[in-house]
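Asks: Just passing along the structure, written as structure tokens.
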Amino acid sequence: MCGIVGAVAQRDVTPLLLEGLKRLEYRGYDSAGIVVLNEHGLDRRRVVGKVAGLERAVRDEPLHGTTGIAHTRWATHGAPSVKNAHPHVSNDRVALVHNGIIENHEELRARQKAAGHAFDSQTDTEVIVHQVHDRLQAEGDLLRAVQDSVRDLRGAYAIGVVSATEPGRLVAARRGSPLVVGIGVGEYFIASDVFALLPVTQRFIFLQEGDVADVRADGVSIYDADGRAVARPESVSRLTAEAAEKSGYRHFMLKEIFTQPQAIAETLEGRVVDGRLAAGLFGENTEAIFPQVQSVQIVACGTSYHAGAIARYWFESLAGVPCSVEVASEFRYRETVVRPGTLFVAISQSGETADTLAALREARRRGYTHTLAICNVPESSLTREAGMVFLTRAGPEIGVASTKAFTTQLAALLLLVIALGRHHGMKEKEAARLPGLLETLPGQVNAALELNERIQRWSERFSDKHHALYLGRGTMYPVAMEGALKLKEISYIHAEAYPAGELKHGPLALVDAGMPVVAVAPNNDLLEKLKSNLEEVRARGGQLFVFADSRVTVPDAPGIEIMRLNAVDDLIAPIVYTIPLQLLAYHVAVLKGADVDQPRNLAKSVTVE
């Protein structure tokens, strides 16, 4: 989603703002812009396309100033164009950047047109900058103008505003979209997330819902939604600027695939000790809460939803606890029955996913007693609003297609299954075995990564394809869903996943020699059923690519290619078998010349509906 950077300093902020935008590119965008305050007033540059194009525009027509804001836009209202790119300016006096969607923009636009405002763009954002301009004329103070303006807005927003009449001042506000204040020495910053500011500071204040921040070079003042001055805690990030670098890898996605053993190990660190779960793993009160849990409701979006779908099998087969999984955007608008004793689990990599956040808030309104967030970002909105929190410690994930966030979510969910199962009849022998099995996971993932070169050769067979089918059974069905999602996200090949048993109910009609079929075949109770399904594909001339357990006997024959993984326990197989599917999608995308880290039309953090 859109990225915001702003700065007030005693030095030229132009290079700081451009560097911040580059570090926000992973969020997805189609245009970029910057405005600074200097002796000429508001000096602005905007381009369609990458931040590199904006850098060239700034080189061609240099701009300098000690106060400024910058933006990468992901188009919602209005197509990608220079006129629709941010920052937006009103009457050469006020400039504004915005992340979010203003739901009542048509009403405000009609009112402003009647008052004489001319509109240069099709964006909902332009109504905000005109609103602030009019209030500034009436109030004579930028802070009060922003405070008054946001009261008229319906929807989600994070905004940064500067005025030609008040150099050395930047006002920011948020509701529904994330915004952070960075603290420097004699300089202050705003950004959509901490990654943008890591080169200049590791000290941050995370604005809360409805907050408005008055930012100057000598300090920042924060006001809540009612206009009262408030103190928000300062956090020191453990992340470094290097954490958001490629570290020698060709793409961020490849780096993130190969750092999964470390990410999983860090997620388990201190949580599994001597083959046992550490006490208070999910919060201080869980020993009192978990015996009362009678069922689990999981909500998530995209890849996180697939993690929840795998966990449903674990909760019911291992812990004996009923589990439902739903896409957050559906859950929040559907009337549901809240069963007593249900633990509500929200899963999100960023902790800012709009639908997942809204689902959590809706769950509290509907009366879910206990809520748990599984998240990768400690200071996110989701972690602040959930009753219990489990952090996955995956580290920064820059590639839009999620990899290490997914596998660490699965590790976290397995820990939750064990913790709940201890109170709900999980066999003592199994409860004692599982933590130790989890400790073997980093090594198992590392072994799967050794297939990289062979998978790269396989990828050549996909480079000219337009469609692919993924098959799995049991927990491998959501794994197949995740594999298909990865392929379509970054290579733009249309890929769909099905339970292998559903082949005869429709998908078999698509199978021919031009349709590669990918199957995941661990050594589990459904293996023989799966092998029968694979024979159905072969009989129709389909090309099979099978990732199989080394103990599985699948015949090497025309039309079938097999890649064998080390023998792995059925419980952790979904995590291990995810790795080759990630690598396959990556190498196919590279061969097709796609933008692996920033696939078209997609954003990393979906902070609006």
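The values are calculated or read from the model by the stated rules, or taken from the named source; none is laboratory data. It should be emphasised that the depicted structure is a prediction, and the values quoted were computed from it without experimental measurement. Positions of Cβ are generated from backbone atoms using ideal geometry, with glycine treated the same way; all protein chains shown enter the neighbour counts. Ligands, DNA and RNA are excluded from the accessible area calculation, which covers all protein heavy atoms including side chains. Shrake-Rupley method; radii C 1.70, N 1.55, O 1.52, S 1.80 Å.
Asks: Return the total of residues in the range 392-450 being within 14 Å of the chain's Cα centre (by Cα) and hydrophobic (A, V, I, L, M, F, W, C).
Replies: 6
Asks: Quick check on the range 370-404: of everything there that is touching a residue at least 40 places away in the same chain (Cβ under 8 Å) and of a type in the set (Ser, Thr, Tyr), which residue is farthest from Gln262 (Cα to Cα)?
Replies: Among those residues, the one meeting the criterion is Ser381.
Asks: Report, by residue number, each residue of the range 250-275 that is open to solvent by 80 Å² or more (accessible area, probe 1.4 Å) and over 17 Å from Pro442 (Cα atoms).
Replies: Arg250
Asks: Only one of (1) in contact with a Gly (Cβ under 9 Å, 6 or more places away or on another chain); (2) open to solvent by 60 Å² or more (accessible area, probe 1.4 Å); (3) free of Cβ contacts under 8 Å to residues at least 60 places away in the same chain is not met by Glu61, so which one is it?
Replies: (1)
Asks: Give the number of residues within the range 77-100 that are of a type outside the set (Asp, Glu) and open to solvent by 40 Å² or more (accessible area, probe 1.4 Å).
Replies: Residues flagged as of a type outside the set (Asp, Glu) and open to solvent by 40 Å² or more (accessible area, probe 1.4 Å) within the range 77-100 amount to 7.
Asks: Residue by residue through the range 173-195, note down the ones that are of a type in the set (A, V, I, L, M, F, W, C) and not in a strand (DSSP E or B).
Replies: Residues satisfying the conditions are Leu179, Val185, Val194, Phe195.
Asks: Quick one: how many residues across the range 328-385 are assigned to a helix (DSSP H, G or I), in contact with a strand residue (DSSP E or B) (Cβ under 6 Å, 6 or more places away or on another chain) and not polar (S, T, N, Q)?
Replies: Within the range 328-385, the first condition is being assigned to a helix (DSSP H, G or I), and the residues that meet it are 328-331, 354-366, 381-385.
Keeping just the survivors that are in contact with a strand residue (DSSP E or B) (Cβ under 6 Å, 6 or more places away or on another chain) gives 328, 331, 356, 359-360, 363, 382-383.
With the extra rule that they be not polar (S, T, N, Q), the set shrinks to 328, 331, 359-360, 363, 382.
Result for the range 328-385: 6.
Asks: State all residues of the range 55-64 that are part of a helix (DSSP H, G or I) and touching a helix residue (DSSP H, G or I) at 6+ places or on another chain (Cβ under 7 Å); if no residue qualifies, say none.
Replies: Once the filter is applied, which keeps residues that are part of a helix (DSSP H, G or I) and touching a helix residue (DSSP H, G or I) at 6+ places or on another chain (Cβ under 7 Å), the range 55-64 yields Glu55, Val58.
Asks: Please tell me if Val537 is open to solvent by less than 10 Å² (accessible area, probe 1.4 Å), modelled with pLDDT under 95, closer than 18 Å to Leu469 by Cα and outside any helix (DSSP H, G or I).
Replies: So Val537 does not fit the description; no.
Asks: So, of the residues in the range 393-425 that are in a helix (DSSP H, G or I) and hydroxyl-bearing (Ser, Thr, Tyr), which turns out to be farthest from Pro291 (Cα to Cα)? Full working, then the answer.
Replies: The initial filter retains those residues of the range 393-425 that are in a helix (DSSP H, G or I), namely 404-421.
Okay, now just the ones that are also hydroxyl-bearing (Ser, Thr, Tyr), so 407-408.
Working: Thr407: 27, Thr408: 25 Å.
Once the filter is applied, the top-ranked residue is Thr407.
Asks: A follow-up question, please. If I ask for residues that are open to solvent by 60 Å² or more (accessible area, probe 1.4 Å) and either assigned to a loop (DSSP other than H, G, I, E, B) or within 23 Å of Ile4 (Cα to Cα) (or both), which ones from the range 113-134 would you list?
Replies: Ala115, Gly116, Ala118, Asp120, Gln122, listed by residue number.
Asks: Something else now. For the range 137-152, which residues satisfy the criterion of being open to solvent by less than 10 Å² (accessible area, probe 1.4 Å), among the hydrophobic types (A, V, I, L, M, F, W, C) and out of contact with any strand residue (DSSP E or B) (no Cβ under 6 Å at 6 or more places or on another chain)?
Replies: Ala145 - this is the single residue of the range 137-152 that is open to solvent by less than 10 Å² (accessible area, probe 1.4 Å), among the hydrophobic types (A, V, I, L, M, F, W, C) and out of contact with any strand residue (DSSP E or B) (no Cβ under 6 Å at 6 or more places or on another chain).
Asks: Going through the range 456-512 one residue at a time, which ones are under 16 Å from Pro580 (Cα atoms) and open to solvent by 70 Å² or more (accessible area, probe 1.4 Å)?
Replies: Of everything in the range 456-512, those that are under 16 Å from Pro580 (Cα atoms) and open to solvent by 70 Å² or more (accessible area, probe 1.4 Å) turn out to be Gln456, Arg457, Glu460, Arg461, Lys488.
Asks: Another question about this same structure. Step by step: first the residues of the range 372-421, then only those that are among the basic types (Lys, Arg) and in contact with a Ser or Thr (Cβ under 9 Å, 6 or more places away or on another chain), then the one that is modelled with the lowest pLDDT. Which residue is that? Lay out the reasoning, then the answer.
Replies: Of all residues in the range 372-421, those among the basic types (Lys, Arg) come to 384, 393, 404.
Filter once more, so that each one left must be in contact with a Ser or Thr (Cβ under 9 Å, 6 or more places away or on another chain): 393, 404.
Details: Arg393: 89, Lys404: 95.
Selected residue: Arg393.
Asks: Please specify each residue of the range 444-455 satisfying the condition of being open to solvent by 20 Å² or more (accessible area, probe 1.4 Å) and assigned to a helix (DSSP H, G or I).
Replies: Gln444, Asn446, Ala447, Asn452, Glu453, Arg454
Asks: Can you confirm whether the range 516-523 contains a residue that is open to solvent by 30 Å² or more (accessible area, probe 1.4 Å) and either modelled with pLDDT under 75 or not in a loop (DSSP other than H, G, I, E, B) (or both)?
Replies: Yes, some residue in the range 516-523 is open to solvent by 30 Å² or more (accessible area, probe 1.4 Å) and either modelled with pLDDT under 75 or not in a loop (DSSP other than H, G, I, E, B) (or both).
Asks: Okay, moving on. Quick one: in the range 3-46, which of the residues that are open to solvent by 20 Å² or more (accessible area, probe 1.4 Å) and assigned to a strand (DSSP E or B) is nearest to Ala85 (Cα to Cα)?
Replies: Of everything passing the filter in the range 3-46, Arg46 is nearest to Ala85 (Cα to Cα).
Asks: Also, I was wondering about something else. Would you pick out the residues in the range 5-54 that are more than 17 Å from Ser163 (Cα to Cα) and β-branched (Val, Ile, Thr)?
Replies: Those that are more than 17 Å from Ser163 (Cα to Cα) and β-branched (Val, Ile, Thr): Val47, Val48, Val51.
Asks: To continue, here is another question. Can you pull out the residues in the range 545-602 that are touching a residue at least 60 places away in the same chain (Cβ under 8 Å), assigned to a strand (DSSP E or B) and open to solvent by 10 Å² or more (accessible area, probe 1.4 Å)?
Replies: If the condition is that a residue be touching a residue at least 60 places away in the same chain (Cβ under 8 Å), assigned to a strand (DSSP E or B) and open to solvent by 10 Å² or more (accessible area, probe 1.4 Å), then Glu561 is the only one that fits.
Asks: Oh, and also: Identify, by number, the condition in (1) aliphatic (A, V, I, L, M); (2) farther than 20 Å from Gln409 by Cβ; (3) buried (at least 19 other Cβ atoms within 10 Å of the Cβ) that Val338 doesn't meet.
Replies: If we test Val338 against (1) aliphatic (A, V, I, L, M); (2) farther than 20 Å from Gln409 by Cβ; (3) buried (at least 19 other Cβ atoms within 10 Å of the Cβ), just (3) comes out false.
Asks: Just one of (1) among the basic types (Lys, Arg); (2) in a loop (DSSP other than H, G, I, E, B); (3) touching a strand residue (DSSP E or B) at 6+ places or on another chain (Cβ under 6 Å) trips up Arg312, so point out which.
Replies: Checking Arg312 against (1) among the basic types (Lys, Arg); (2) in a loop (DSSP other than H, G, I, E, B); (3) touching a strand residue (DSSP E or B) at 6+ places or on another chain (Cβ under 6 Å), the one that fails is (2).
Asks: In addition: So which pairs qualify, if the first residue must be in the range 90-118 and closer than 26 Å to Arg169 by Cα, the second must be among the polar types (S, T, N, Q) and part of a strand (DSSP E or B), the Cβ gap must be under 7 Å, and the two must be at least 6 apart or on different chains?
Replies: From residues that are closer than 26 Å to Arg169 by Cα, the pairs are Arg93/Ser163; Val94/Ser163.
Asks: Restricting the search to the range 222-249, which residues are in contact with a strand residue (DSSP E or B) (Cβ under 6 Å, 6 or more places away or on another chain), open to solvent by 40 Å² or more (accessible area, probe 1.4 Å) and in contact (Cβ under 8 Å) with a residue 60 or more places away in the chain?
Replies: Tyr223
Asks: So in the range 196-206, with the set limited to residues that are in a loop (DSSP other than H, G, I, E, B) and open to solvent by 30 Å² or more (accessible area, probe 1.4 Å), which one is nearest to Ala589 (Cα to Cα)?
Replies: Pro199
Asks: For the range 564-609, enumerate the residues that are modelled with pLDDT under 90, out of contact with any Lys or Arg (no Cβ under 7 Å at 6 or more places or on another chain) and hydroxyl-bearing (Ser, Thr, Tyr).
Replies: Within the range 564-609, Thr607 is the sole residue that qualifies.
Asks: How many residues are under 19 Å from Asn99 (Cβ atoms) and buried (at least 23 other Cβ atoms within 10 Å of the Cβ) when one looks only at the range 356-376?
Replies: Residues in the range 356-376 being under 19 Å from Asn99 (Cβ atoms) and buried (at least 23 other Cβ atoms within 10 Å of the Cβ): 2 in total.
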